[in-house]
Every structure is written in C-alpha cells, then in structure tokens.
1. Going through 423, 415 one at a time, which residue ends up being surrounded by fewer than 20 Cβ atoms within 10 Å (Cβ to Cβ), at pLDDT 80 or above and outside any helix (DSSP H, G or I)?
2. Does residue 472 meet the test of being surrounded by 15 or more Cβ atoms within 10 Å (Cβ to Cβ), modelled with pLDDT of 90 or more and more than 30 Å from residue 328 (Cα to Cα)?
3. With respect to residue 211, determine if the residue is in contact with a helix residue (DSSP H, G or I) (Cβ under 6 Å, 6 or more places away or on another chain), within 30 Å of residue 339 (Cα to Cα) and modelled with pLDDT of 90 or more.
4. Tally the residues that are touching a helix residue (DSSP H, G or I) at 6+ places or on another chain (Cβ under 8 Å), in contact (Cβ under 8 Å) with a residue 60 or more places away in the chain, part of a helix (DSSP H, G or I) and surrounded by fewer than 23 Cβ atoms within 10 Å (Cβ to Cβ), restricting the search to the stretch 322-342.
5. Against the condition under 37 Å from the mean Cα position of the chain (by Cα), closer than 16 Å to residue 274 by Cβ and either surrounded by 15 or more Cβ atoms within 10 Å (Cβ to Cβ) or in contact (Cβ under 8 Å) with a residue 12 or more places away in the chain (or both), how does residue 205 come out, does it pass?
6. Between 313, 281, 353, 371, which is surrounded by fewer than 18 Cβ atoms within 10 Å (Cβ to Cβ) and over 18 Å from residue 256 (Cα atoms)?
7. Can you tell me which residue within the stretch 215-239, out of those that are farther than 15 Å from residue 266 by Cβ and modelled with pLDDT under 90, is surrounded by the most Cβ atoms within 10 Å (Cβ to Cβ)?
C-alpha cells in the first residue's frame, strides 16, 4: 500500500500497482521509459503543472476510491487485456474543478457511454454510440491494471483521431477494433525497446556525469593523488641515484618492478571497490530505458582515462629523476608510456572483476588475481625455469610485458656504458656490469622488440574492455 502526501494533502492512497493507471485517468501519463516513482515525485513537485490540489480533490471526492475499486475488481487474462483493459481518461472525471464531479462513476456500464466533463461543462459523447456486445463488455469490465502506460496513450490518441475533434478536449466513445489494438501493442513493444535520445547524447551526458562524480568524490581523488606523490618520493629516496650504477642493476630492476606493481594496484583497487557500488544504479536506470549499456560503458571507460594517465605520469616523473635513470627524453617518454599502459590494463582488469562479482568478492579477488600475474612476470623467477605446463600463463601476464618493456627502455636502445662506482655504504655489491646489453641477458629479457611489448599491452587492454562489456551484458540479461 502506498500513501503519498504533497503540500499537506493526500494525493494517493492505495495499491502500488494501481498508481500508474490512476495517474493516466487523471491525464498524467507516465512515459514508458520513466520510473513511476520518480514521475510521481515530479508531479508532486509541480514539474508537470499544478496538479496537487486537483489530485487532492479527487481523493476527497471519492474518485480515487472508485478508480481503485474498478482496477482491483478487474482481472484480465492475457487474451482479453489488449481489448478490454485499456484505461480511457473519459471513464473518470478529469477533476478540472472539485465541484464538477463526473457522473461517470455513477453511470451503469450498460447505460451507454460515460458523461465527460470538459472545463465547466458536461458534454455528452458521440450520439451515434451503439450499444453492441463489445461495447458492453468493454464498459462493464472497467479498467485493466497491468497495461503499459504507452499503450494507454496510444489508445487515447487513436480515439481522438477517430473523433476528428482536435483541441476540444473530447474523447470519442468508439472502441478500436481488436486488430488495431494489437497493432498498437506491437508498436508499443518496439518503442519500449528504444531510447529517447541518441547514443552520442547518452554518452556525452554520462561522460560529464562520471567526470563530476570523480571530482566530487574528493576523498578518493585526493587520496589517489597523495598516494602517488608520497609513494613516489619514498621509492625515489629508497633507490636514490642507482639508475646509472653498474653494480646496482639488480636493485634498479627491483625498483622498476615495484614501480609497475604500485601503478597496477593503484589503478586496479579503486575500480574494484567503486564499480560494484555503481552497478545497482546503472541497472535501475538502464531497465527504465534512460540509456544503453554501450553509452554507459563507453562513458565509464573514457571518464577515468585522464586520471589513469595523469597519476602514473606524476609518480613516474618523480621516481625517474630521483633514481637517476638515463637523462634522455625519448627514454623518459617511453617510460611514462609503459607506466600509463600498465595503469590502463590494471583498471581494465578491475572493471572485469567488479562487473563479474559483488563488492565483497571483488575486494578479495582483486589482490588474489594480482598474485599469479606478478609471479609470471619474470622478476621473481626466470621464465625458463617455469614448468612447461605452466609457461603458457606467462604469456597472459601483462606485467611480463610491462617489466620487459621497462627494462628495454632503461638498458636497451644502445645505452652507453654504466658507471662502475661502488657505493660507500655498501658492504656487498653485485659485480659491476658496464655493458647495458648484458643486463638484459642477466634479467632474461626476451629478444623481441620493445614495440612488441607495447602492442601486446594494447591487445590485452582491448580484450579486457570487451570482456568487461560482455560480462555486464550477461548480468543485465539475467535481470530481465
């Protein structure tokens, strides 16, 4: 049961499923793509005209009770719903003034068409109305409770067109044939599967809304920025000026690996924690045909891209120069690029996990999924030492290509000889390696080109995005 108050007046009291047909009887037709609860709130707030007093009068004068009584009494099966259940605004008083209550509620179903109130006058319908069995059945059975609002609107429109009385507010009493009602029903079904706006308009609005949501979530946004700066400074101090030392190539490799590790989890975990929370809102709005899945997913993907580019650049810029990596703009740019790609792939993995599971499961699966990805990266264990039946997992580990590409950027591309200066506070050190190409052999880096790593990362990024989309699509279909 629903009891609704507005401006101190009761404007509805009765079953929830009778709300939409009752509003339609009061010339307040809820659009088929709109949430009825939101629409009624808009009506109560005056967004569709001053209807509060009119609805309150209908409650006090008993029109609401009469309408609900007919709706509750009427139980149409699927075969007769299309013909006998459509609600006509002419069946009830439109409540233009409280004192002019329609006599339709007191009129016997077999006594002919109901009297229609138009303004301050009471007007009889078409005098040529004939009392046929079909008319009697339609008037006697009353109003159906399960019809779609869009069908009501089309029936009323068809009645007005047949009456050929534009602008006079009268509704013809002629009943549409069963064939025409069936055609209107099919048209309504096609219309309810479409959206009110184009894909581009949906994407543009959702993109702006997602940007506003990110900016307004100051806690998470500021935390992400501060974490990249603080961790960047901490890592930079820990590996301070080791990038050009031939005796610290192992430590420099560890710096590169942990930098990529931080970038990956910094992109993965916020997505894993926030995306499942948005799914309930998305499902409700999508089921109301506000926007499509394509528009939502594209807007969600593109809205976070600037942040997934900006934060890795901030972190990488800090650690690159503090650790004294090669002072070469091309190497610096490529290092930023591979860091950004790692961030984007990590976010895509977070989208897949968040779309497939609930929040509780996603928070657990996020770190757990990252463990095998890191184990097969080639840093903890040489890829040659991995058993043959597990080596295939290394080819789907995107950190393998990120780590390999970063090493090639730092030690490849014909880098000059490294400095063989032992650090003063180092009791033990790795044998100095002056030839940078030897470092790649020691790290067991693959011989294929650097640009192959970039290509594989792009392919994994695209595949994860498509996988996340199809997972969302399956979840939406499961709720229909």
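The values are calculated or read from the model by the stated rules, or taken from the named source; none is laboratory data. Fair warning: this is a prediction, and the values are worked out from it, not measured in the lab. Every residue, glycine as well, gets a Cβ built from its backbone with ideal geometry; the counts of neighbours run over all protein chains shown.
1. 415
2. Yes: the conditions hold for residue 472.
3. Answer is yes for this residue.
4. 4
5. No: the conditions fail for residue 205.
6. Every option except 281 fails the conditions.
7. 217
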